[in-house]
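Notes for the one structure printed next.
The values are calculated or read from the model by the stated rules, or taken from the named source; none is laboratory data. Model, not experiment: these values are computed from the prediction. Heads up, the Cβs are rebuilt from the backbone with ideal geometry, glycines too, and the neighbour counts pull from every protein chain shown. These area figures cover heavy atoms from the full protein model, side chains too; ligands, DNA and RNA do not enter into them. Shrake-Rupley method; radii C 1.70, N 1.55, O 1.52, S 1.80 Å.
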Amino acid sequence: MQQQMPIHILNTNTKRDQGKKAQLGNISAAKAVADIIRTTLGPRSMLKMLLDGSGGIVLTNDGNAILREIDVSHPAAKSMIQLSRTQDEEVGDGTTSVIILAGELLSVAEPFLQKNLHPTVICKGYARALEDAIRIVESMSFPVDTSDRSQMLNVVNSCIATKFTQRFGNLMAELALDAVQTVTVLADGQQKEIDVKNYAKVEKIAGGTIEESRVLKGVMFNKDVVVPGRMRRKIVNPRIMLLDCPLEYKKGENQTNVEITKEEDWAALLKAEEDQIQRMCEKIISFKPDLVVTEKGLSDLCAHFLTKAGISAIRRLRKTDNNRIARATGATIVHRVEELRESDIGLGAGIFEVVKLGDEFFTFIADCKEPKACTILLRGPSRDILNEVERNLTDAMGVARNICMDPRLVPGGGACEMAVSRGLQDTAGTIPGVESWPYKAAGQAMEVIPRTLAQNCGINVIRTLTKLRAKHADEPLGPWGINGETGDVVNMRELGIWEPLAVKTQTIKTAIDSAKMLLRIDDIVSGISRRQDAPKKKAQEEEPEDKEQGGPQEQ
C-alpha cells in the first residue's frame with residue numbers, strides 16, 4: 001500500500017500549538033501573571049519596583065499599574081493583563097483580585113483537562129457558578145446612606161487601606177469624597193452623572209508635604225497672564241469670558257499672494273489688520289469682562305488693547321481645562337467674538353489669582369459658588385511619591401463614585417468570597433451530571449482571596465482557613481473574614497471593612513468570563529508578520545529585473 005505524503009497547509013515558519021498543549025500553555029501563562037501580583041493583595045502587601053523603557057522608576061502595589069508596565073509575549077498573558085485594565089476603567093478598584101481569581105479558576109480547571117473532560121462542560125459549570133455567585137453576593141449586600149459623610153469615609157478608607165497612602169489617615173478618602181461630591185450632577189430624570197475623568201483633574205506639584213493637598217472649589221492650571229507686569233494677577237468676583245477662537249489677525253488658509261502697486265496700499269493692508277483686531281477687542285471690552293481666556297493665540301496688539309481696558313488675558317489653554325472652567329463658573333465657551341452675549345459671561349467664580357509655586361506660575365479660579373468641576377492639588381516630597389499618591393487617589397475616587405451610583409455594600413476581608421465558596425460547594429451536590437465538578441471547583445477557587453490575604457500576613461494559612469470555613473459553616477452568608485493587619489478571623493461588621501457591591505460583582509464576572517474564554521482556546525497559530533515578509537518579496541521581485549538587464553552584457 002502506497003504511503004500518503006503529508007500535506008502542509010501553513011507556512012513552514014508558522015508555529016502552532018493545538019489541543020491540550022495550547023490549553024495547558026494558556027493556564028501556565030495565566031498562573032504566571034497571577035503569581036507576579038499575588039503578594040500585592042491586602043494591607044500587608046509588598047511593593048513592586050518597575051523600571052520603564054526611559055529609565056524611570058514606578059513604585060506601586062496597584063495591580064493595573066504593575067501589569068501596565070510589564071511587557072509580555074504570550075497571547076494568554078496579554079489577555080489577562082487586559083482584564084485588570086478593564087476592571088480599572090469600569091469600577092476603578094479590584095484590579096489585583098480579578099487577576100488572582102482568574103488565575104485560580106484556570107488552575108483548578110487543569111485537572112479536568114488532564115482527565116479529558118471537555119472544555120465546554122467546564123465552561124457550562126463555570127457559567128452556572130457565576131449566576132449563583134452573583135445571587136449570593138447580592139443577598140449579602142445592604143444599602144448605605146450616601147449623605148452620611150462618616151459612613152462614606154469609612155467605606156472609602158477600608159477600600160484604600162491596602163494602599164501606600166494608608167499612613168496619611170483619612171486624607172485620601174476626604175479628597176476623593178470631596179471631588180466626587182463636587183462633580184456629581186443630576187441629569188434628566190434625577191439620574192446621577194459623575195464624570196470624574198473629565199471634571200476632576202489631579203494636579204501634582206513637587207514640594208511641600210502631602211498634608212497640604214486639597215480639593216479646590218474651582219479650577220487650577222499651569223499658566224500665567226499674557227502681559228505679567230501690566231495685567232492684574234488677582235481679581236475678586238471676576239467676570240470671566242471663555243473663547244476658542246484666535247484673537248489675532250486671521251492668516252490665509254493656504255499661501256496668500258497680494259499684489260501692491262503703491263506704498264500707501266501696504267500701509268492700508270496693515271491698517272486693515274489692526275482695525276479688525278481693534279473691532280474684536282472693542283466687542284470684548286463692551287461686555288466689561290475682568291478675565292478673557294482663549295484656547296488659541298492672542299496677538300501683542302490685542303494684549304495692548306485689553307491691558308488698556310484693565311482686562312487680564314490667558315492664551316493657549318487646553319480644551320479640557322477650558323471645559324472645566326466653563327462648568328465651574330457657569331460661563332459658555334464662545335466660538336466667534338461676534339456671537340458674544342451677556343449670558344455667556346461666567347459669574348460663578350469667587351477669586352481669580354496667579355500664584356507662584358516652586359519655579360512656575362499657576363492660575364487659580366477658585367471659591368466658585370456651584371462648582372461642578374474641581375482640581376485636586378497634590379503636594380509631596382518627590383515625583384515618584386506623587387505618582388503613587390495619584391494612583392491611590394484615582395482608586396479612592398472610583399470607589400466613592402461606585403457607592404454614589406450604586407449605594408450597596410458587602411463585607412470585605414475575604415468574607416464575601418468565603419460565603420460564595422461555601423454556598424457553591426453546598427449547591428454542587430444538587431447539580432446532576434459532570435457539570436457539578438467544575439461548579440464545585442469554581443467554589444474552591446473563590447477561597448484564593450482569603451488564602452492570599454492570610455499568606456501576605458505571614459500567619460499559618462491552613463489553620464486560619466480551617467477556622468474561617470468553620471465560622472461560615474456555622475453561619476452561612478456571615479460577615480466573617482480575615483483581618484489583613486493581624487491575620488485573625490474577625491467579624492467584618494465590627495471591624496468596619498466594607499467593599500462596594502459593584503466592585504465585587506464586576507470582579508467575579510470578569511474573572512469567570514475570562515477563564516471561560518481562555519479554556520475554549522484549543523489552537524494557537526503564530527506566524528511571521530507581513531512586515532517581515534515584505535523585504536523578502538521585494539528582493540524576489542527585483543532579482544528577475546537584474547537578470548534581464550545583465551543578460552545582454554554577458555553576450
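Here is how the numbers come out for the structure above:
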| quantity | calculated |
| --- | --- |
| Full-extension gain in nm, residue 494 to residue 463, via 0.36 nm per residue minus C-alpha separation | 8.9 nm |
| Of (i) 174; (ii) 273; (iii) 199, the label for volume of the Cα convex hull per residue in Å³ derived from the coordinates | (ii) |
| For residue 296, distant residues with modelled amide H under 5 Å away | 245, 316, 317 |
| Charged-residue dipole, Cβ positions (Lys, Arg, Asp, Glu), segment 326-433 about Cα centre, Debye nearest 20 | 240 |
| Residues of type aspartates and glutamates that residue 271 reaches as a straight line, Cα spacing below 17 Å, ignoring anything fewer than 8 places off in the same chain | 248, 259, 263, 282, 300 |
| Furthest towards positive pole of dipole, 425, 175, 107, structure part the chain, Cβ charges | 425 |
| Per residue accessible area of the chain, 1.4 Å probe, in Å² | 52 |
| Cut-off 20 Å, label 7 Å out along Cα→Cβ of residue 286, residues of segment 212-249 by amide N | 239-249 |
| FRET efficiency, 1/(1 + (r/R0)^6) with R0 60 Å, evaluated for residue 153 and residue 121 via beta carbons | 0.80 |
| For the chain, size of Cβ-based charge dipole, Lys and Arg +1, Asp and Glu -1, in debye | 1160 |
| Extended-chain gain in nm, criterion 0.36 nm per residue less alpha-carbon gap, residue 86 and residue 369 | 98.3 nm |
| Per-pair calculated FRET efficiency, R0 = 56 Å: residue 259 and residue 384 via Cβ, rounded to 0.05 | 0.40 |
| Given 31/78; 217/283; 283/308; 115/471, the pairs whose alpha carbons are separated by over 23 Å | 217/283; 115/471 |
| Straight-distance crosslink candidates among aspartates and glutamates, where the alpha carbon sits under 13 Å from residue 288 and sequence neighbours closer than 8 are dropped | 342, 344 |
| Estimated vicinal HN-Hα couplings, Hz - segment 389-402 in sequence order (Karplus 6.51, -1.76, 1.60; Gly, Pro = x) | 4, 5, 4, 5, 5, 4, 4, 4, 5, x, 5, 4, 5, 4 |
| Two-site FRET efficiency, residue 16 against residue 72, from Cβ-Cβ distance with R₀ of 22 Å, rounded to 0.05 | 0.65 |
| Solvent-accessible surface (1.4 angstrom probe) belonging to residue 233, in square angstrom, nearest 10 | 80 |
| Cross-link reach list, lysines versus residue 223, counting only Cα pairs under 18 Å and skipping chain neighbours closer than eight places | 201, 204, 234, 296, 319, 356 |
| Apportionment of accessible area to carbon and sulfur, segment 251-358, percent (1.4 Å) | 49 |
